[in-house]
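Asks: Dropping a structure here in structure tokens format, bear with me for questions.
The values are calculated or read from the model by the stated rules, or taken from the named source; none is laboratory data. Note that the structure is a prediction, hence the values are computed from the model and not measured. Ideal geometry is used to build each Cβ from the backbone, glycine not excepted, and the neighbour counts take in all protein chains shown.
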Amino acid sequence: MRGPDRFLRALARLVLKAFFREVETAGAERIPLHRPLVLVANHVNGLIDPILLLGPLPVLPRFLAKSTLWKNPLVRPFLDLAGAIPVYRRQDEGSDLAKNAETFSRSHELLAEGGALALFPEGTSHSDPALKPLKTGAARIVLEAERKFPGLGTRIVPVGLLFDAKQAFRARALVQVGRRSTRRRRSPWIPRIRSPPPANSPRASTGPSTRSPSTTRPGRTPG
């Protein structure tokens, strides 16, 4: 591991230790090591989300990040140190979409070297209770890399990021790798999310409901 990578991992773990009371990781053994892979995660907590992928997981991915982040003088040094790859989005004013050709090329080369790439396919951070429509960047990157480098065998690994109280300081977070087994015991503090009632239901106006963790039983233009 490069010296900058060791520094980034240590910094990520320090931030997580300060920001969260507990960070639980489940299913990390599902991540295939020593082979090209793409981590795809939900995006609900801004810059905290990539830190949750950097700190506790057994791989150190390079991130696809929106190009406008490089305009932030406080964030840019960390993006460069992390080897992040800029993504040029249509909705960003002044964005040159033609530069995404280099974005894809760098992603292909990273995978060809056996590296790990991480991205958030929703394309933006949000607070909605459900996933936003997923963009196709991850699939395009993998398929094009396989065409350029036959036999590469890239794996796509889904990662779920969950929080018991997203806006609260010293809350708890869960980094869940891969598909959860239908028989797996629930973590005791993760709220159980119920499906919304039908539109004609008397409860429809109240929206989706949750149970308190204390009463719950354990269970971008690319990107």
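Asks: Quickly run through segment 133-154 and pick out the residues that are exposed (fewer than 15 other Cβ atoms within 10 Å of the Cβ) and within 17 Å of the chain's Cα centre (by Cα).
Replies: Those that are exposed (fewer than 15 other Cβ atoms within 10 Å of the Cβ) and within 17 Å of the chain's Cα centre (by Cα): Pro133, Thr136.
Asks: Residue under question is Arg106, and the condition is that it be in a helix (DSSP H, G or I) and either surrounded by 18 or more Cβ atoms within 10 Å (Cβ to Cβ) or basic (Lys, Arg) (or both); does it hold?
Replies: yes
Asks: Could you list, in sequence order, all residues of segment 149-181 that are under 23 Å from Ala139 (Cβ atoms) and modelled with pLDDT under 50?
Replies: The one that is under 23 Å from Ala139 (Cβ atoms) and modelled with pLDDT under 50: Arg180.
Asks: I'd like to check something: does segment 102-113 contain any residue that is small (Gly, Ala, Ser) and at pLDDT below 95?
Replies: The answer is no, given that none of the residues of segment 102-113 is small (Gly, Ala, Ser) and at pLDDT below 95.
Asks: For the structure I just gave you, tell me whether Arg184 is modelled with pLDDT under 50, surrounded by 13 or more Cβ atoms within 10 Å (Cβ to Cβ) and in a loop (DSSP other than H, G, I, E, B).
Replies: Yes; evaluated as a whole, the condition is true for this residue.
Asks: Sticking with this one: Those residues that are of a type outside the set (D, E, K, R), assigned to a strand (DSSP E or B) and touching a Ser or Thr at 6+ places or on another chain (Cβ under 9 Å), I need them from segment 58-85; list them, please.
Replies: Leu64, Ile85
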